[in-house]
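The values are calculated or read from the model by the stated rules, or taken from the named source; none is laboratory data. Keep in mind that what you see is a predicted model, and the values were worked out from it rather than measured. Every residue, glycine as well, gets a Cβ built from its backbone with ideal geometry; the counts of neighbours run over all protein chains shown.
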Amino acid sequence: MMRKTSHFKQERSGKMLESKSLQPPFTKVGLMKKYKHVYARNGIIYIAGTIQGVRYRKSTGKVANALNMRWCDENWQNVLQDILANEGMEKVAKAKVEIERRGSLTLERYAEKMFEIWQTVCKKSTLDMRKRVFRTYVMGKIGDLKINEIDYSVCRDFIHSLKDKNGNALGAAMVKNVKILLNLFLNEAVREKIIAENPMKAVRTMKVIRKSVEPFTEREMSLMIESCENSLERAFIVTAFFTGMRTGELLALQWDCVDFTNKTILVKSSVYKGELSTTKTGKERQIDMLPIVESALKRLKEESNSDFCFCTKYGKMLSGTGSIRRLWCKILQDSGIAYRNVYQTRHTFASLMISKGENVMWVQRMLGHSDLRVTFSHYAKYVPTSNTQKASFVSESFGNVLSCFEVDSEKNHAKNILC
């Protein structure tokens, strides 16, 4: 029995060895082995691993057989890094092609693209001004140049060749507007990596001499108010002189923004080309309604049948520049005062209030300036000066310290005599 059993085992063992020797080296059995960093999907090897804290799953593109699987698993870091490097090179190449394509855009085409973008972020008045500057001064001269062809010499020669419609050198203020517009285009091109730097930044231009403020005198203000023939004219002039509101804000003012109870006015809109829009800064502000303004608006309110404070005889908003200009010129003529534009009423409010010693921060809030620097840049010269002693509280609060100086002085004097 022992021999038979042994012989039987030997036979079975021989059959097993024989069957193993017939098995091919790489079969599905090899692919089903658990690997740490590779797996097969649709006959392709994928690598999964973490490099510098980032988890990746990438296709190797290699056929999934046991030999490839084992090799990729053993060398997974090198394989994964090569894949990432190749992907990076492809991205760089695609980006370079895209940059070259965008760089081949002419300035005119690039401007059209920017104007479309600015439609969603700029006020209509700002966008219209930029389009007008581009059409008038830029498009016909360098509009056909490619963005990547615009260098320092192009910018310098262009800026210094600008002329007005009469062939004279363009004014410094308008040159500044042209330069600002080109800076906007070229700065955006830098951000898009179309050009390395903005060549316009290095171009020097003449300093803009700010137009002097021409406020009305108190006598002129009185004459204008007295010459008004009706409550509409009077309310408009009084509100303009004693609120500092911009002309467009005055035209957009509606009765629901006038709070007679709390004596305030909410400035939230402006008028541009006959349409309501936001204020210049895009922000609302609440301003104080002085007694003279309250009286004028209350009288106007009694006669009004419109939502707008200043309206036509048909109750429509005074939307056109022509209508307000006719009203303004008529009042100036009736008062015997030389022409100044309506905006001078805003300057008059600011200069008058500051010169009378009103708090500059209050004036800033009434005007809607973003900060005090803007207010001071226009009206610093109206800040009153006096000959009264400054910081008189110092003597009152620190008198005991001053007496110490007097004692020290006496001691030093006595010491000098003894010497």
Checklist entry - Tell me, which residue of region 142-158 that is in a helix (DSSP H, G or I) and either among the aromatic types (F, W, Y) or in contact with a helix residue (DSSP H, G or I) (Cβ under 6 Å, 6 or more places away or on another chain) (or both) is farthest from N177 (Cα to Cα)? => result N148
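So that you can scan it fast, the table gives a plain yes or no per residue for (1) in contact with a Lys or Arg (Cβ under 8 Å, 6 or more places away or on another chain); (2) of a type in the set (V, I, T); (3) part of a helix (DSSP H, G or I):
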site	(1), (2), (3)
V213	no, yes, no
F216	yes, no, no
M224	no, no, yes
E229	no, no, no
F236	no, no, yes
F242	no, no, yes
L250	no, no, yes
N262	no, no, no
Checklist outcome for this item: Note on region 103-124: residues surrounded by 16 or more Cβ atoms within 10 Å (Cβ to Cβ) and at pLDDT below 90 are G103, L105, K123
Checklist outcome for this item: Note on region 103-143: residues polar (S, T, N, Q) and closer than 23 Å to K280 by Cα are Q119, T120, S125, T126
Item to check | Enumeration of residues in region 125-168 that are within 17 Å of L107 (Cα to Cα), surrounded by fewer than 17 Cβ atoms within 10 Å (Cβ to Cβ) and among the basic types (K, R) | outcome: K131, R132, R135, K141, K146, R156
Item to check | I194 vs. criteria hydrophobic (A, V, I, L, M, F, W, C), assigned to a loop (DSSP other than H, G, I, E, B) and over 28 Å from C329 (Cα atoms) | outcome: yes
Next on the checklist: So for region 300-316 (the condition being within 19 Å of E226 (Cα to Cα) and part of a helix (DSSP H, G or I)), does at least one residue qualify?
Outcome noted: yes
Next on the checklist: Looking for something in contact with a Gly (Cβ under 8 Å, 6 or more places away or on another chain), crowded, with 17+ Cβ neighbours inside 10 Å and not small (G, A, S) - is there at least one such residue anywhere in region 199-218?
Outcome noted: no
Item to check | Subset of region 198-222 [over 25 Å from A172 (Cβ atoms) and either of a type outside the set (S, T, Y) or touching a helix residue (DSSP H, G or I) at 6+ places or on another chain (Cβ under 6 Å) (or both)] | outcome: F216, E218, R219, E220, M221
Item to check | Test for I180: is it closer than 16 Å to T126 by Cβ and out of contact with any Phe, Trp or Tyr (no Cβ under 7 Å at 6 or more places or on another chain) | outcome: yes
Checklist outcome for this item: Of L266, L276, L253, the only residue that is more than 23 Å from the chain's Cα centre (by Cα) and under 19 Å from V342 (Cβ atoms) is L253
Checklist entry - Can you tell me which of Y379, Y343 is closer than 23 Å to S227 by Cβ, surrounded by 13 or more Cβ atoms within 10 Å (Cβ to Cβ) and among the aromatic types (F, W, Y)? => result Y343
Checklist entry - Pick from V394, V374, V363, V401: which is in a helix (DSSP H, G or I) and either at pLDDT 90 or above or buried (at least 17 other Cβ atoms within 10 Å of the Cβ) (or both)? => result V363
Checklist entry - Which of the residues belonging to region 224-279 are crowded, with 20+ Cβ neighbours inside 10 Å, among the charged types (D, E, K, R), closer than 29 Å to K123 by Cα and in contact (Cβ under 8 Å) with a residue 40 or more places away in the chain? => result R246
Checklist outcome for this item: Taking first residues from region 362-385 that are within 15 Å of I265 (Cα to Cα) and in the same structural domain as S270 (by TED's automatic domain parsing) and second residues anywhere that are of a type in the set (S, T, Y) and outside any loop (DSSP other than H, G, I, E, B), the pairs with Cβ under 8 Å that are 6 or more apart or on different chains are V363/T375; V363/Y379; M366/T243; L367/T375
Next on the checklist: With the structure loaded, tell me whether V238 is out of contact with any Gly (no Cβ under 9 Å at 6 or more places or on another chain) and either outside the structural domain of G315 (by TED's automatic domain parsing) or closer than 30 Å to S304 by Cα (or both) or whether it fails that test.
Outcome noted: yes
Checklist entry - Is it the case that W71 is more than 30 Å from the chain's Cα centre (by Cα), closer than 19 Å to H37 by Cα and modelled with pLDDT of 90 or more? => result yes
